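Down below is the structure, laid out as structure tokens.
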Number of protein chains: 2
Amino acid sequence: MSHLSKASCEACSAHAIKLSAREIEDLLIEIEDWELITRDGIQQLTRTFDTGNYAKSISFTNAVAELAESSNHHPLLIVEYSTVTVVWWSHKIKGLHLNDFIMAARTSGVF
Amino acid sequence: MSHLSKASCEACSAHAIKLSAREIEDLLIEIEDWELITRDGIQQLTRTFDTGNYAKSISFTNAVAELAESSNHHPLLIVEYSTVTVVWWSHKIKGLHLNDFIMAARTSGVF
């Protein structure tokens with residue numbers, strides 16, 4: 001598991017600074033299987049988890065939700081029969097913060 | 001609540017017949033607030049529910065999941081901080097079956 005999953009999220013205000021392209025490139029190496037996408041001009045991290053069945057999709061959704069609430073940082077979740085897609089970004093800065101990489105690493109840990 | 005929410009889903013096989021445009025038009029009147037969309041050439045029913053907060057989004061997601069499991073018919077769920085978007089269609093026939101309207105009505109009932 002990435003050392004990122006052990007780091008703490010810091011409060012992210014609208015004045016927080018987005019990660020640079022170089023920082024993002026370096027951090028992506030730490031979270032294998034996550035993809036960098038740009039949606040509506042906003043950089044985001046996404047990964048689709050194959051759960052195998054619906055009960056597991058819902059169970060994983062609840063585990064990610066618990067993680068989100070405990071960190072006060074919430075992803076977009078797309079729940080289908082045997083997959084759950086998780087998308088992390090920082091709404092306040094309309095882009096990626098270190099917090100998003102921490103949460104992505106933790107999400108993989110939960111899975 | 002629509003009388004559709006009291007109807008039962010029947011098993012939907014790949015040989016089931018899709019609803020006609022006229023049937024869809026008539027049934028849409030029964031499920032206010034649901035929108036007919038076409039995604040990847042497949043007609044679907046969608047509604048975004050405003051939950052107000054994350055705990056309620058997760059609670060509603062679980063309620064819809066329970067409904068889905070009990071009917072063995074599963075929607076696409078998009079879970080965000082204060083909204084949950086539900087999308088119903090019949091995968092096997094790549095379109096809309098009466099079951100989808102029943103499930104849409106029941107979903108509104110759960111909300």
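The values are calculated or read from the model by the stated rules, or taken from the named source; none is laboratory data. Just so it is clear, the structure is predicted and the values come from calculations on it, not from any experiment. Note that we place each Cβ from the backbone using ideal geometry, even for glycine, and neighbour counts take in every protein chain shown. Please note that ligands, DNA and RNA were not included when accessible areas were found on the heavy atoms of the full protein model with its side chains. Shrake-Rupley method; radii C 1.70, N 1.55, O 1.52, S 1.80 Å.
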* Asked: Here are some conditions: (1) under 21 Å from B:SER5 (Cβ atoms); (2) within 14 Å of chain A (Cβ to nearest Cβ). B:GLU35 meets all but one. Which one does it not meet?
  -> (2)
* Asked: Within the group B:SER13, B:SER20, which residue is more than 21 Å from B:SER108 (Cα to Cα), among the polar types (S, T, N, Q), open to solvent by less than 70 Å² (accessible area, probe 1.4 Å) and at pLDDT 85 or above?
  -> B:SER20
* region B:1-10 - residue that is surrounded by 14 or more Cβ atoms within 10 Å (Cβ to Cβ) and among the hydroxyl-bearing types (Ser, Thr, Tyr) and, of those, modelled with the lowest pLDDT -> B:SER2
* Structure fact -> Taking region B:28-51 and keeping only residues that are under 12 Å from B:TRP88 (Cα atoms) and aromatic (Phe, Trp, Tyr), one is left with B:TRP34
* Do you know which residues across region A:43-62 are away from chain B (no Cβ under 14 Å) and surrounded by fewer than 18 Cβ atoms within 10 Å (Cβ to Cβ)? -> A:ASP50
* Structure fact -> Selection from region B:25-36 of residues over 12 Å from B:ALA104 (Cβ atoms) and either open to solvent by less than 50 Å² (accessible area, probe 1.4 Å) or not in a loop (DSSP other than H, G, I, E, B) (or both) yields B:GLU25, B:ASP26
* Structure fact -> The condition from (1) open to solvent by less than 90 Å² (accessible area, probe 1.4 Å); (2) under 27 Å from A:PRO75 (Cα atoms) that B:ARG39 misses is numbered (1)
* Looking at this structure, is A:ASP26 away from chain B (no Cβ under 14 Å), of a type in the set (Asp, Glu) and over 13 Å from the mean Cα position of the chain (by Cα)? -> yes
* Just checking, which of A:ALA65, A:ALA21, A:ALA7 is within 11 Å of chain B (Cβ to nearest Cβ) and either more than 21 Å from B:VAL87 (Cα to Cα) or more than 11 Å from the chain's Cα centre (by Cα) (or both)? -> A:ALA65
* Structure fact -> Pairing a residue in region A:44-57 that is closer than 30 Å to A:LEU96 by Cα with any residue that is part of a strand (DSSP E or B) and open to solvent by 50 Å² or more (accessible area, probe 1.4 Å), where Cβ atoms lie under 7 Å and the two sit 6 or more apart in sequence or on different chains, gives A:LEU45/A:LEU36; A:THR46/A:GLU35; A:ARG47/A:GLU35
* Asked: Which of the residues spanning region B:75-108 are surrounded by fewer than 17 Cβ atoms within 10 Å (Cβ to Cβ) and part of a loop (DSSP other than H, G, I, E, B)?
  -> B:TYR81, B:SER82, B:LYS94
